[in-house]
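Colleague: One structure coming up, written as structure tokens, with questions to follow.
The values are calculated or read from the model by the stated rules, or taken from the named source; none is laboratory data. In this text the structure is predicted, and so the values were computed from the model without any measurement. When we count neighbours, we look across all protein chains shown, and the Cβ atoms used for this are built from the backbone with ideal geometry, even at glycine. Calculation scope for accessible area: heavy atoms of the full protein, side chains included, ligands and nucleic acids excluded. Shrake-Rupley method; radii C 1.70, N 1.55, O 1.52, S 1.80 Å.
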Amino acid sequence: MDQNLRELYQEIILDHSRHPRHFGALAEANHVAEGHNPLCGDKVKVYLKVDENDRIADVAFEGKGCAISVASASLMTELLQGRSVGEAERMMGGFLHLVKGEDGPGLDSEDKERLEVMAGVSAFPMRVKCATLAWHAMKAALDGENAARTE
Amino acid sequence: MNAEPKKATSYDVSALRRDFPILSREVHGKKLVYLDNAASAQKPKRVLDAMSAFMTSEYANVHRGVHYLSGVATERYEEARVRVQRFLNAGYSGEIIFTKGGTEAINLVAESYLATRIEPGDEIVLSVMEHHSNIVPWHFLRERHGAVLKWVEVSDLGELDPADVARAITGKTKLVAISHMSNVLGTKTALDEITRLAHAKGIPVMADGCQGAVHGIIDVQALDVDFYALTGHKLYGPTGVGVLYAKRAHLKAMRPYQGGGEMIREVTRANVTYADAPMRFEAGTPPIVQAVGLAAALDYLDSVGREVAAAHEIALARTAQKRLKEMNRIRIFGESRDKGPIISFEAIGIHAHDLATILDREGVAVRGGHHCAQPLMERFQVAGTARASFALYNTYEEVDALVAAVGEARRVFG
């Protein structure tokens, strides 16, 4: 298996896709949005509970999709726990840079380390939309929209 | 084709592959194993040369000019029309309309034929395995004219029973829209039988032949279908050209599809009158170069032999299917008795997209997803499948490569 493929489907990603963290609907969610990648049928629903200080008290997701989309959603929910809304939006910008193989701000060094596993997606441009789906859904939820799509 | 096809001993696939320059390239450092032919087929040098030669020394706009090149180009374009007529065994060349693709051909029927005949509550019968191109135009009629879509189910093996189609027809039915060959399941429908039953009830039939026209001999007169759509790029021809075959009695009574030059007789400030078919349905400058390419592709396919090629493709697909089934945790979609060279499958526990990515890195090009057949995906309760589809130039070594790559994916995912 070539190096790029090895990086894309490394153990951490396979683990997150098989055992996604924070998987399941959030009863007390006050921000919810769906994400759909019609090209391949990835579907994700992101639930956020944002408190009165604009902190993400809890975040979870449901969905069906390829290993990349599920792993990405799982990693996202781990990272966003307890973060502010502003931080979440900044991190999204950083994540988009990461998966496109670009340099760009948004992720501090600790976040970068934890999301580094997704950097391999940049070698697979056709799969970037799988990786970003959950983040787009998260943003849509925070913006008060019901749905996001990546095509 | 019901009998087990013999491996044709005189079928020289290596020689045929030399006709297709792209097949000798590599992807990701591996030999290209192109198994996405149901999406689109590669082009033989003959097609490339024909288009190039035409553009080099015979090209001009058609129909309108008086000058020499215009006459030559018009001849080539109209020869292409006759070539397609021969390919389909249509009765008249005027029954061949060039469109920009198969999708446009079906939309033309929806807009020019059916839209004027639909009252709210009128019904269109279609199967659950149709491609979106043979679904969405009818949804348009539902949205815009109050048509009702009546869905005919397929069996777990992916078979479509003509009797079920007949049963779906009521006093309100205006059209039966049916695939000649499913792009997902490979199922070849009994189109002649379906048409016979529909006609017995006075209902016309629109056949989507985008896959069906590629594998085997098509005789639209024998089938007696009212409308038959096909697309050039799946037939080893260029993109940008498709064909609608329509019985001339229908064409006579159909309003235009698009308006513009070529399809008119007279235009004044107050009024416009229209040309006869086929010109009435070819507005603007047609896909001239592409039609020339398509004619060359049909010549190429007939030089190989349509039935010989189909037998080879089906034998390959049967081998692939058998070997995939022998692997653990593989599910095959569509095992009809009459099946074209299209294998949709699932490696259980591996999403089609991930599977296709791993196959891609091994040089194996397949498609993963819903294949523009979401109602069918829903019927089989899957988000998507992987699909390997075979053409006249594929080989048994490529079947080996496919199987090996699927094994590799299983090693990665467990």
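A quick yes/no check of all residues on (1) within 14 Å of A:A73 (Cβ to Cβ); (2) acidic (D, E):
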site	(1), (2)
A:E116	no, yes
A:A119	no, no
A:A137	yes, no
A:A140	yes, no
A:D143	no, yes
A:A148	yes, no
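Colleague: Scan A:S109, A:S74 and give me the residue that is among the hydroxyl-bearing types (S, T, Y) and over 20 Å from A:L8 (Cα atoms).
Modeller: Of A:S109, A:S74, the one residue that is among the hydroxyl-bearing types (S, T, Y) and over 20 Å from A:L8 (Cα atoms) is A:S109.
Colleague: Give the stretch B:247-276 a look and list any residue that's of a type in the set (G, A, S) and out of contact with any strand residue (DSSP E or B) (no Cβ under 7 Å at 6 or more places or on another chain), or say none.
Modeller: Once the filter is applied, which keeps residues that are of a type in the set (G, A, S) and out of contact with any strand residue (DSSP E or B) (no Cβ under 7 Å at 6 or more places or on another chain), the stretch B:247-276 yields B:A249, B:A253, B:G259, B:G260, B:G261, B:A270.
Colleague: Mind checking which residues of the stretch A:15-45 are open to solvent by less than 50 Å² (accessible area, probe 1.4 Å), within 14 Å of chain B (Cβ to nearest Cβ) and over 15 Å from the mean Cα position of the chain (by Cα)?
Modeller: Hits for the stretch A:15-45 are A:P38, A:C40, A:G41.
Colleague: Here's another thing I want to ask about it. Determine which member of the set B:V72, B:V82, B:V148, B:V66 is open to solvent by less than 70 Å² (accessible area, probe 1.4 Å), without any contact (Cβ under 8 Å) to a residue 40 or more places away in the chain and over 23 Å from B:A229 (Cβ atoms).
Modeller: From the options B:V72, B:V82, B:V148, B:V66, the qualifying one is B:V72.
Colleague: Condition first: β-branched (V, I, T) and either surrounded by fewer than 16 Cβ atoms within 10 Å (Cβ to Cβ) or out of contact with any strand residue (DSSP E or B) (no Cβ under 9 Å at 6 or more places or on another chain) (or both). Can you find one or more residues in the stretch B:51-61 that meet it?
Modeller: yes
Colleague: Given the conditions (1) open to solvent by 60 Å² or more (accessible area, probe 1.4 Å); (2) within 14 Å of chain B (Cβ to nearest Cβ), and given that A:A73 satisfies all but one, which numbered condition is not satisfied?
Modeller: Against the list (1) open to solvent by 60 Å² or more (accessible area, probe 1.4 Å); (2) within 14 Å of chain B (Cβ to nearest Cβ), A:A73 comes up short only on (1).
Colleague: Regarding A:V59, is this residue away from every other protein chain (no Cβ under 13 Å) and under 30 Å from B:H132 (Cα atoms)?
Modeller: no
Colleague: Identify, please: which residue in the stretch A:97-107 is over 15 Å from the mean Cα position of the chain (by Cα) and open to solvent by less than 70 Å² (accessible area, probe 1.4 Å) and is, among those, farthest from A:D54 (Cα to Cα)?
Modeller: The selected residue is A:G101.
Colleague: I would also like to ask the following. Would you check which residues across the stretch B:86-110 are open to solvent by 10 Å² or more (accessible area, probe 1.4 Å), part of a helix (DSSP H, G or I) and either in contact with a Leu (Cβ under 6 Å, 6 or more places away or on another chain) or farther than 21 Å from B:I217 by Cβ (or both) and list them?
Modeller: Hits for the stretch B:86-110 are B:G94, B:T103, B:E104, B:N107.
Colleague: Sticking with this one: Under the condition of being outside any helix (DSSP H, G or I) and away from chain B (no Cβ under 14 Å), which residue from the stretch A:108-151 is least open to solvent (accessible area, probe 1.4 Å)?
Modeller: A:A148
Colleague: Kindly establish whether B:V47 is farther than 30 Å from B:G363 by Cβ and open to solvent by less than 30 Å² (accessible area, probe 1.4 Å).
Modeller: Answer is no for this residue.
Colleague: Evaluate the following for B:V27: is it open to solvent by less than 10 Å² (accessible area, probe 1.4 Å) and of a type outside the set (F, W, Y)?
Modeller: no
Colleague: Hey, does the stretch A:88-96 have a residue that's charged (D, E, K, R) and either open to solvent by less than 20 Å² (accessible area, probe 1.4 Å) or within 13 Å of A:S72 (Cβ to Cβ) (or both)?
Modeller: no
Colleague: Going by the conditions given, is B:V220 in contact with a Leu (Cβ under 8 Å, 6 or more places away or on another chain), modelled with pLDDT of 95 or more and not polar (S, T, N, Q)?
Modeller: yes
Colleague: From the list A:L79, A:L48, exactly one residue is touching a strand residue (DSSP E or B) at 6+ places or on another chain (Cβ under 8 Å) and either open to solvent by 60 Å² or more (accessible area, probe 1.4 Å) or away from chain B (no Cβ under 14 Å) (or both). Which is it?
Modeller: A:L48
Colleague: Taking B:V27, is it away from chain A (no Cβ under 14 Å) and either at pLDDT 95 or above or touching a helix residue (DSSP H, G or I) at 6+ places or on another chain (Cβ under 8 Å) (or both)?
Modeller: No.
Colleague: All but one of (1) closer than 25 Å to B:R248 by Cβ; (2) among the hydrophobic types (A, V, I, L, M, F, W, C); (3) in a loop (DSSP other than H, G, I, E, B) hold for B:A39; which doesn't?
Modeller: (1)
Colleague: Also: Given the conditions (1) more than 21 Å from B:K100 (Cβ to Cβ); (2) assigned to a helix (DSSP H, G or I), report the number of the one that B:R265 does not fulfil.
Modeller: Every listed condition holds for B:R265 apart from (2).
Colleague: Still on this model: Of the residues that make up the stretch B:283-299, is at least one surrounded by fewer than 17 Cβ atoms within 10 Å (Cβ to Cβ) and part of a helix (DSSP H, G or I)?
Modeller: Yes: the stretch B:283-299 contains one or more residues that are surrounded by fewer than 17 Cβ atoms within 10 Å (Cβ to Cβ) and part of a helix (DSSP H, G or I).
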